[in-house]
Every structure is written in C-alpha cells, then in structure tokens.
Amino acid sequence: MEERDRMKEYYAALRAEAEMKAAENTARARENQTFRKNDNRLSDIERELAFAEIAGEKGKLRALAREKETLRAENEKILASMGLTIDQLSPVYRCPKCKDTGFIGTAPCACYLEAAEKAGGSIGIPPETLPAFGEEFAKEKGIAAAYRKTLSFAEKFPDVKIRNINFLGRTGTGKTLLAGNVAARVAKRGFKVIFLSSFEMNNVFLEYHSFFEEGRTLPMNALIAADLLVIDDLGAEQNIRNVTVPYLCNLLSERGMRGRSTLITSNLSQEELLSRYAERVFSRIFDKRLSTTLSLGGGDGRLKR
Ligand SMILES: [Zn+2]
C-alpha cells in the first residue's frame, strides 16, 4: 500500500473511532428517560427560538432561553452521574486543528507529518547505521561462504528467486552481522528496509492488538510494506498469548502475498521454532520454494539434534 493511502486509512480510522464513541455516548445518555425527554425538548426549543427571533417576540425568546438553560443544566448533571460531559456526545477528535482529516485546506497538518514520520522512520534500527562489511572481515569471522551467498542476494535484490533467508545459530556465530550486512546494502540501493528485534516486533503487534491505540495501524503496515524486513533474534521475545503467534503468521502471509523479502535470525533450531510457533508460522518461514536456511557455527550441538 502506498504511504498516502496508509495515511488516509489511518485518519479514516481515527474519525470513525471519534464518531463511534460519540454515538455510543449519546445512545447511553438517551437510555435515561429524563435526559431523553430534555434532549428532545431542547431540539424543539432551538426551532422555537428561531421562529421567535423572526417574529421578534422578545418575551418568548427570554422564556425559551431560560428553559434551555435549565434543561441543559439538568442534562449535564445526568451526564456527570454517568461520567460523561456534553462535549463527549459529539465526536472528540484527537487533533482539533484538522478534525482528524490530516489536512488544513490542502496543506498537511502538523499531526500528519508527525504520524508519517512515526510510520516510516522510527521502527527498529535505522538500516543506514548498520555496518556493511567485505569478504576479508567475513573470512576472519569464519562466515565467508554464507557471506558470499547473502552478498549475491543483496546485489540482485529484489530480483531474487529465493526471497527469504533464515539465519540459524547460537549467539556469536555472525547471523545478525550477515543479516545486517544485507539490510545495509539493500537500503543503500534505495529500498525500504526495516531491521528490528523480535522484541520490538512484539511491541508493534501488541500496539496493533490494543484496539484504538493511537496510530496503531501505521507501524504494522510499515512492517507489512517494507521491501525488506529483518526480524532479529526470533524466539527471544515473550510469547504473548493471542498476539505473538497469530500476528507473526499474518505478517508473514501478508508479506508473502506481496512478494516481499523477509530475513530472520534465531538462536533456536528448526524443531524449537516449530514447537514455539506451530505449523502455520513454521511452514511460512521454511517454505522451500521461497526460503533458504543458513546454519551458522556448525559446531553448535543444538542444530544437530
Ligand atoms: Zn491535525
């Protein structure tokens, strides 16, 4: 989805939220018989006031104004007993300046620029700060073979048949270095790259899951839309019930449908990943038609089990 469309969707959701809350509050208030009666009478008074104004009936105008004030005060009391205010019966927009449209006239509102920045830039580690390195360094680290494979991926991207790479191996085997190297090189070529820890990914899921959290759809959409997504240290995050596994599954399928590339690093073995995330996530990560798995630090017992 285009950035502009995502922003449109975001603001439409904000407005819908404000309007729905106002409608809910109004319906709740109108369950009170006295409030409803007063509210109906207040509508009539508005009309009568307009007529009296036209007819120039000063006495009637004063009487209506007094009645209006009494009824409004009574309704405010009823609302207060429900924990509501009159303002909450109309949509309360997060941004009163643009009424959650994102624009003032044709110019973007300050809140728009803020939200756009939040959506794009601030998730994970900025890929331009990740170190790209050469083959000499890879040799020193003992990861030259994996380096050459991933370098060719980074250079051909996005024109790659195998579009996902999994880096498995224990800490210190160079998997994050390799994934970071690919991310840095792909980002340098102008593609949108997001590199984040599984912990941060989990936070995006949680935010998205907590309905009506401000701007909640933006980071999730950014994860779905990035040309290249690197999830670092999958399995280190807390497995939150009804959040981590289902949203990871959604994220991977949404990216799969869009033909986007995902790199995953993990300390866990395939068996451990299968038991932690179950079949639906596992089959998306290890789909042989689309993914390759590099096992690093061959001496690691966990991978041979
Ligand atoms: Zn605004």
Practice item. Quick one: compute the contact order of the chain, relative version, from alpha carbon pairs under 8 angstrom and 6+ residues apart, as a percent. Key: 19
Review point. For region 218-237 and region 189-210, what is the separation of their Cα centres, given in Å?
Key: 4
Check your understanding: What is the P(r) of region 127-304, as percent of Cα-Cα pairs per 5 Å bin from 0?
Key -> 1, 8, 18, 22, 21, 16, 9, 3, 1, 0
Check your understanding: Principal axis lengths of region 79-163 from Cα atoms, whole Å, largest first?
Key -> 71, 36, 26
Practice item. Could you pull out every residue, at least 5 positions away or on a different chain, whose amide H is within less than 5 Å of the one on Leu263? Hs are placed 1.01 Å off N in the peptide plane, and Pro or chain starts have none. Key: Ile165, Leu229, Val230, Ile231
Exercise for review: Taking the chain as the reference, fit the longest principal axis to its C-alpha atoms, fit the long axis of helix 175-188 to the helix C-alpha atoms, and give the angle between the two in degrees, 0 to 90, nearest 10.
Suggested key: 60
Exercise for review: State, in angstrom, two size descriptors of the chain derived from its alpha carbons: Rg to one decimal place and Dmax to the nearest whole number.
Suggested key: 28.3, 96
**Study point:** region 216-264 - Debye-derived log10 I(q)/I(0), Cα point model, q = 0.16 Å⁻¹
**Key:** -0.45
Review point. Where does the longest stretch of the chain lie that holds no GluC sites (Glu not before Pro) found in a DSSP loop with 11 or fewer other Cβ atoms within 10 Å?
Key: 32-212
Revision key, fill the gap. For the chain, longest principal axis from Cα atoms; helix 198-209 axis from its Cα atoms; angle between them, nearest 10 degrees, is 20
Practice item. Determine the percent antiparallel among the DSSP beta bridges restricted to the chain, to the nearest 5. Key: 15
Review point. Along the principal axes of its C-alpha atoms, what lengths does region 3-94 span, in descending order and rounded to whole Å?
Key: 58, 32, 16
Review point. How large is the dipole of the chain about the Cα centre if only Lys and Arg carry +1 and Asp and Glu carry -1, each at its Cβ, rounded to the nearest 20 debye?
Key: 780
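All of the numbers you see were taken from the coordinates with simple rules; none came from a lab. Because the structure is predicted, anything quoted here is derived from the model rather than measured. All Cβ positions, even for glycine, are placed from backbone atoms using ideal geometry, and neighbour counts span all protein chains on display.
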